[in-house]
Amino acid sequence: MDTANIERYLNSFGKQVVNRSKGNLQKAGKGGKLEDSVSFKVVKEGDNYLVQFYMSYYGQFVDKGVSGTEKKRTFKDYKNKVIASPYGYKKSKGHSQPPSKALDGWAVKKGIAPRDAKGRFLKRKTLTFLIARSIGRNGIQGISFFQKPLSLGLKQFGKAFLGSVKEDIINSLTTVK
C-alpha cells in the first residue's frame, strides 16, 4: 500500500505539535535554548510509523513541574487530566533544593542584584541560596507547554488520519481487466 499520505500527515502532526509547543514557551517567557531544542522525527519501523518528539532534558520539568518539599505541583496531561508532577525535591540532604550556583547566572541575566541599606551591591551568594531554598520548598509549577499541543493534535488526529489512510488505499488500488 502507498503510505505517502500517512507519512505526510504524521509530519504535519509533528510540525503542529512542535510549533504550538514553541509558541507556548514564548508566551510563558521561557523561550531560548529550550524552545530551540523542541523537535520531532517520523520514523518507520517495519509496517509501523512512530512520531518521536525531542527536547532538552529540563523541558520535562518545565512541562510537568517539580513538587517542592512543602507544596505539591500539578500539570495537565495530554488527556487534559490534572496530575501530580512525577518530579520533586526531597527533604533528604542534598536534594531538597536546586544548587545555588545554578541560579547565579540567572540572577545576573535578570538584573537581580541585592543591595544593603546604603544601596551598595552585596554578594549574590546569599540571594541565590534564598531563591534556591524557596524553589526547594515551593517547587516549580508545570506549564504543560508540550502536553496541551499534544492533546489538541491528538483530538484532531482521528478524522484527518482516517482521511489520509483512505487516500492511500485509493491510490494503491489497481484496476484488473
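What follows is calculated from the coordinates using simple rules that are stated; it is not laboratory data. Not measured: the values here are computed from a predicted model. Heads up, the Cβs are rebuilt from the backbone with ideal geometry, glycines too, and the neighbour counts pull from every protein chain shown.
Quick notes on this structure:
- Taking every C-alpha pair closer than 8 Å and separated by at least 6 residues, the mean separation divided by the residue count of the chain gives a relative contact order of 30 percent.
- Pairs beyond 21 Å (Cα-Cα), from Lys101/Lys123; Lys22/Lys90; Lys33/Lys110; Lys30/Lys76; Lys27/Lys125; Lys22/Lys76: Lys22/Lys90; Lys27/Lys125
- Principal-axis tilt of helix 4-27 within the chain, Cα atoms, nearest 10 degrees: 20
- With respect to the chain, whose longest principal axis is taken over its alpha-carbon atoms, helix 124-138 is tilted by about 50°.
- Burial ranking of peptide ranges 102-115, 54-67 (average Cβ count within 10 Å, highest at the top): 54-67, 102-115
- Each DSSP beta bridge with both residues in the chain is either parallel or antiparallel, and the antiparallel ones are about 90%.
- Remark: relative contact order (segment 43-115) = 19 percent; criterion is Cα-Cα distance under 8 angstrom and separation of 6 or more residues.
- Tilt relative to the chain, helix 147-172 - C-alpha long axis, 0 to 90 degrees, to 10: 20
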